[in-house]
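The values are calculated or read from the model by the stated rules, or taken from the named source; none is laboratory data. Only a predicted model underlies this, so the values are computations on that prediction, with no experimental measurement involved. Heads up, the Cβs are rebuilt from the backbone with ideal geometry, glycines too, and the neighbour counts pull from every protein chain shown.
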């Protein structure tokens, strides 16, 4: 597949503000790109035939893709499931309403896996259609990577923002837990479900988050770049690294070297035992909560669900409250250990995935490097910049202390530049 030229959110906004492009033209660029490219990629579950184009607000003219796990009052919301085909909610999800109020145009609904879980969808990787784009936010990541839209929403319960961003070679941002509103999504595990964002690069995704929320996230033109010499970067050494592909381990090592060359204070840091134990608690917390949140769907639509989804919900309903509470205690101890760890380091670097996007569409890939940070509620971002010998992207995950999203994004902008030098 030919190389895709991505749309820069920052460049589009700059052109609009300079009077070089109006919102109608900006949206028309995306509509044309979708018409040309999506038949080969399958990133959209629905494209609005006549979207309301925002003409006022900081995101006026920005065509935003909405993962089809978010409710939209004016477009079908199928949650990736045949049980909800043609479903039309009465209201928008909170993040969709927020985007509209900032002037964004809801261009369409991007493909999600079933209930944003593991059953793969048909979307392909824009870098090589024989490979998965990842999941569950497969359509959002692929649409941005293919240059169809400048930005999209996603969700992460395990690794569904960071991993597809890595596979597709774009920026994916999973904020601190609840920085972005979760109301109006098809919930799977409420204490884990996190709204995330996709854009071409770190500066773009940071700008999107800032303009959506009105928060100062270090993305404005007047913000000074981070001073690398004052940022302690820790190469996170955990047992999972042994399972990463050699190409990914080499990319992580190269990322550490490039960060050091750029002036960051780089060292290695081991994984606290409490955090390693917390990682193992993710499954019981997720599945127990899925048994509750999706139990009504199983009762009514179980015969329309994939075996992996229905089996997980049934398994969740067999987990005892005592086991769930024990897992929550492990998570709480892990979060305490994470707070202590971030007293020693500002940013952690880990793989975003075990390797490049796997061959075939039978799997969305492995979220093992993401689950812990979802459980910890800490902000994480995929930094693109590396490739394997076959040309597929390899992403580096940067993580910061809970609530330190601005510091993470500011540092990640500098790290992305270093990785690409």
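Results, tabulated for the structure shown:
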item: Test result for residue 411, over 17 Å from the mean Cα position of the chain (by Cα) and farther than 23 Å from residue 280 by Cβ; result: yes
item: Residue list for region 3-17, filter: out of contact with any strand residue (DSSP E or B) (no Cβ under 8 Å at 6 or more places or on another chain), within 16 Å of residue 199 (Cα to Cα) and part of a helix (DSSP H, G or I); result: 10, 11, 12, 13, 14
item: Extreme residue, nearest to residue 158 (Cα to Cα), among residues of region 273-284 that are within 20 Å of the chain's Cα centre (by Cα) and crowded, with 21+ Cβ neighbours inside 10 Å; result: 282
item: Any hit, region 209-228, residues being modelled with pLDDT of 95 or more, over 28 Å from residue 112 (Cα atoms), surrounded by 15 or more Cβ atoms within 10 Å (Cβ to Cβ) and in contact with a strand residue (DSSP E or B) (Cβ under 9 Å, 6 or more places away or on another chain); result: yes
item: Residue within region 61-75 that is assigned to a loop (DSSP other than H, G, I, E, B), assigned by TED's automatic domain parsing to the domain that holds residue 23 and under 26 Å from residue 14 (Cα atoms) present; result: yes
item: Subset of region 359-388 [closer than 13 Å to residue 247 by Cα and part of a loop (DSSP other than H, G, I, E, B)]; result: 388
item: Among (1) in contact with a strand residue (DSSP E or B) (Cβ under 8 Å, 6 or more places away or on another chain); (2) buried (at least 17 other Cβ atoms within 10 Å of the Cβ) - the single one residue 237 does not satisfy; result: (2)
item: Residue check, residue 390 outside the structural domain of residue 154 (by TED's automatic domain parsing) and either out of contact with any helix residue (DSSP H, G or I) (no Cβ under 6 Å at 6 or more places or on another chain) or on the phi > 0 side of the Ramachandran plot (or both); result: yes
item: Test result for residue 99, under 23 Å from residue 171 (Cβ atoms), assigned by TED's automatic domain parsing to the domain that holds residue 193, modelled with pLDDT of 95 or more and crowded, with 17+ Cβ neighbours inside 10 Å; result: yes
item: Complete set of residues in region 18-60 that are part of a loop (DSSP other than H, G, I, E, B) and touching a strand residue (DSSP E or B) at 6+ places or on another chain (Cβ under 9 Å); result: 43, 48, 51, 52, 53, 54, 59, 60
